[in-house]
Amino acid sequence: MSLTIWHNPRCSKSRQTLALIEEKGLTPEVRLYLDDAPTAEDIKNVLDMLGIEPRALMRTGEADYKDQGLSSVSDHDALIEAMVKTPKLIERPVVIKDGQARLGRPPENVLEIL
């Protein structure tokens, strides 16, 4: 079993999701994605697992989203590249387990794959 969380310890939802996983007796690999940014391939894989488009994985309220003019970008590869270059644009937390992924918003969403 592989279990990974793309985690930001400063985010309350991310901390709650990690605690929920640990309460289930599981120990995930914690990827501090702001320091260890996902590659474009990592993001594409997560998007496929989630069954969503790139913008649905983005924090559209971030100043960087507005500063980069991403609201007018429709090219999926360009949106993915923006997340690679500016990982704080990635919605958090993302939990990945055995080829499945869930966004921990709300944290209980991840229970489906645990």
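For the reader, a short list of remarks on this structure follows.
- Per the listing Lys13, Lys66, Lys85, the residue uniquely of a type in the set (D, E, K, R) and under 13 Å from the mean Cα position of the chain (by Cα) is Lys13.
- Qualifying residue in segment 23-39 (condition: acidic (Asp, Glu), out of contact with any Lys or Arg (no Cβ under 8 Å at 6 or more places or on another chain) and part of a helix (DSSP H, G or I)): yes
- Residue count for segment 65-101 under the criterion of being of a type in the set (Ser, Thr, Tyr) and surrounded by 13 or more Cβ atoms within 10 Å (Cβ to Cβ): the result is 2.
- Some residue of segment 17-24 being modelled with pLDDT of 95 or more, aliphatic (A, V, I, L, M) and more than 20 Å from Ile113 (Cβ to Cβ): no
The values are calculated or read from the model by the stated rules, or taken from the named source; none is laboratory data. Just so it is clear, the model here is predicted, and its values are computed rather than measured. FYI the Cβ positions are ideal-geometry reconstructions off the backbone, even for glycines, and counts take in every protein chain you see.
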